[in-house]
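All remarks here apply to the structure that follows.
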Amino acid sequence: MRVAVLVAARPNFVKTAPLIRALEALGVDATVVHAGQHYDNVMSEAFLRDLDIPWPAVNLGVGSGSHGHQTAATILGVEQFLCESTPDAIVVAGDVNATMGGAIAGAKAGIPVVHLEAGLRSFDRSMPEEINRVVTDHLSHLCLAPSRDAVENLAREGIIGERVALVGNCMIDTLLEKLEEARARRVWEKLGLRAEKYAVLTLHRPSNVDDANKIAELVQTVLEAATPFDVVFPMHPRTAKMLRPSAISASRSSRLMSIEPLGYIDFLSLLISARIVFTDSGGIQEETSVLGVPCVTLRNNTERPITISLGTNHLGGTRRESILQVSKEALESPYPNPKTIPLWDGKSGTRAARKVVELIEGLTGRHNWEDLQQ
Ligand code: UD1
């Protein structure tokens, strides 16, 4: 049995690593195809190494560009790969442009498409990721959902039955696997910070970072909200390009520490000992919930409502008053307060891999009911 696993951007590596390992454990030949949407060492190779992902068989070199460019280049590259190697299925993960491109290429080539992290909805079509999620789910033969709300979202859109499996959160498999290594790394110490006396900030959503004034204001508000803590800000390349040097130097006298993006284990190490986290990332809302660190999401919506209802996430919006108010509440909440979310238990990769095998066996008539009972 041969499965192609498409990766493209930073969060994809974290999600697919446990699935790739679990597929291999079941004897499936998993080939990693890198779309190359993220290409800097620190956004790509460092993650492959940190997460022990097999080296990609091919890099499609999609790179930066418009949404159309990234999607179209992925379709062309994946189509060629699929025609040449004819795997039994292709797995695409998350919600980046290459995810949708891979799903379109697979569906058109008649190769079963599996979507890992299916069913998340922010109900905000101005987010490029929301369009990618909807299109990918609708083209997928198998939607692997991380949580019950995701299954319900899929059902509302008519995606039901054998097309859907609730497997839990593969990103959390990776977190649990790397937790001890990250704890031992004590990255905060190397940065001259005191454990539980600093905040972490990440920003990369176009709606937050593509306007230089808006991002400068957001950073100032976060500094205010995080008082008296230092604020460490590993900057995504998109953000670094937009944030005017003046905005950073204006804050330099204060407690802001802007640094290069970190590798997976270093960043996890930073999260573990943070007092509070401010972010517009999706994955970090999940990671902080499991770690028990309060998170203020700098967006008006989230496609991960379970991190609010069962986790440590607080929706802060993007206006100063609301961020200050919500941060106060977040800092007053119990700390640390690790949360247990159903099926976010470190076994999601295994459940997901079994479902992929089941799909292929069903499609090829190689169904073995005894195996499926296990
Ligand atoms: C992409 C995803 C987003 C995901 C994020 C994780 C889409 C629509 N967006 O956003 O969902 O949360 O990745 O990081 O797919 N750049 C570099 N080096 C790199 C990669 C990017 O310098 O290795 C720069 C490029 O100038 C590029 C910009 O960052 O134009 C944005 O990269 P892109 O891949 O378009 O989207 P992200 O903002 O990273």
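The values are calculated or read from the model by the stated rules, or taken from the named source; none is laboratory data. Treat the numbers as computed from the prediction; the structure is a model and nothing was measured. Neighbour counts are summed over all protein chains in view; Cβ atoms, including those assigned to glycine, are modelled from backbone coordinates with ideal geometry.
General remarks:
- Some residue of segment 109-119 being on the phi < 0 side of the Ramachandran plot and among the charged types (D, E, K, R): no
- Pick from segment 4-24, criterion assigned to a helix (DSSP H, G or I) and more than 11 Å from the chain's Cα centre (by Cα), ranking: nearest to the ligand (Cβ to nearest atom): A17
- Of the candidates A182, A199, the single residue that is in contact (Cβ under 8 Å) with a residue 60 or more places away in the chain, on the phi < 0 side of the Ramachandran plot and part of a helix (DSSP H, G or I) is A182.
- Taking each residue of segment 235-247 that is under 12 Å from V219 (Cα atoms) and looking for partners that are loosely packed, with under 15 Cβ neighbours inside 10 Å and at pLDDT 90 or above with beta-carbon atoms closer than 9 Å, six or more apart or interchain, yields M235/I259; M235/E260; L243/A212; R244/A212; R244/N213; A247/A212; A247/N213.
- The listed residues are S140, S122, S85, S147, and the only one of them that is polar (S, T, N, Q) and within 16 Å of the ligand (Cβ to nearest atom) turns out to be S122.
- Here Q70, Q80, Q37 are screened, and the one residue that is farther than 17 Å from G263 by Cβ and more than 16 Å from the ligand (Cβ to nearest atom) is Q80.
- Single condition V92 does not satisfy, out of (1) touching a residue at least 24 places away in the same chain (Cβ under 8 Å); (2) over 16 Å from V62 (Cβ atoms): (2)
- Residue within segment 80-98 that is surrounded by fewer than 24 Cβ atoms within 10 Å (Cβ to Cβ), at pLDDT 95 or above and either of a type in the set (K, R) or within 25 Å of H236 (Cβ to Cβ) (or both) present: no
- The combined condition, being buried (at least 19 other Cβ atoms within 10 Å of the Cβ) and under 21 Å from S281 (Cβ atoms), is fulfilled by A182.
- Residue that is farthest from P112 (Cα to Cα), among those in segment 40-58 that are surrounded by 20 or more Cβ atoms within 10 Å (Cβ to Cβ) and more than 10 Å from the ligand (Cβ to nearest atom): D50
- Of the candidates T71, T99, the single residue that is within 19 Å of P18 (Cα to Cα) and part of a helix (DSSP H, G or I) is T99.
- Taking first residues from segment 1-23 that are touching a residue at least 60 places away in the same chain (Cβ under 8 Å) and under 21 Å from G168 (Cβ atoms) and partners that are within 16 Å of the ligand (Cβ to nearest atom) and of a type in the set (G, A, S), the Cβ contacts under 6 Å between residues at least 6 apart in sequence or on separate chains come to L6/G102; P11/G94; P11/G283; N12/A93; N12/G94; K15/A93; K15/G94; T16/A93.
One line per residue, one yes/no per condition, for (1) part of a strand (DSSP E or B); (2) free of Cβ contacts under 8 Å to residues at least 24 places away in the same chain; (3) not charged (D, E, K, R):
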position: G63; (1), (2), (3): no, no, yes
position: E84; (1), (2), (3): no, yes, no
position: H115; (1), (2), (3): yes, no, yes
position: L120; (1), (2), (3): no, no, yes
position: G158; (1), (2), (3): no, yes, yes
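- For segment 280-303, taking the residues that are touching a residue at least 24 places away in the same chain (Cβ under 8 Å), farther than 18 Å from L176 by Cβ and within 14 Å of the ligand (Cβ to nearest atom), the one that is surrounded by the fewest Cβ atoms within 10 Å (Cβ to Cβ) is identified as T302.
- Flag if L243 is at pLDDT 95 or above and at negative phi: no
- Residue match in segment 133-148 (condition: hydrophobic (A, V, I, L, M, F, W, C) and loosely packed, with under 14 Cβ neighbours inside 10 Å): no
Residue by residue, here is whether (1) within 18 Å of the chain's Cα centre (by Cα); (2) within 20 Å of A352 (Cα to Cα) holds:
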{"residue": "P54", "(1), (2)": "no, yes"}
{"residue": "N59", "(1), (2)": "no, no"}
{"residue": "V62", "(1), (2)": "no, no"}
{"residue": "H67", "(1), (2)": "no, no"}
{"residue": "A72", "(1), (2)": "no, no"}
{"residue": "S85", "(1), (2)": "no, no"}
{"residue": "I90", "(1), (2)": "no, yes"}
{"residue": "S122", "(1), (2)": "yes, no"}
{"residue": "I131", "(1), (2)": "yes, no"}
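- Some residue of segment 153-162 being within 25 Å of A30 (Cβ to Cβ) and within 16 Å of the ligand (Cβ to nearest atom): no
Rundown of residues vs (1) within 14 Å of the ligand (Cβ to nearest atom); (2) closer than 27 Å to V92 by Cβ, yes/no style:
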residue	(1), (2)
G168	no, yes
R183	no, no
K190	no, no
E196	no, no
R205	yes, yes
E217	no, no
F233	no, no
L243	yes, no
S258	no, no
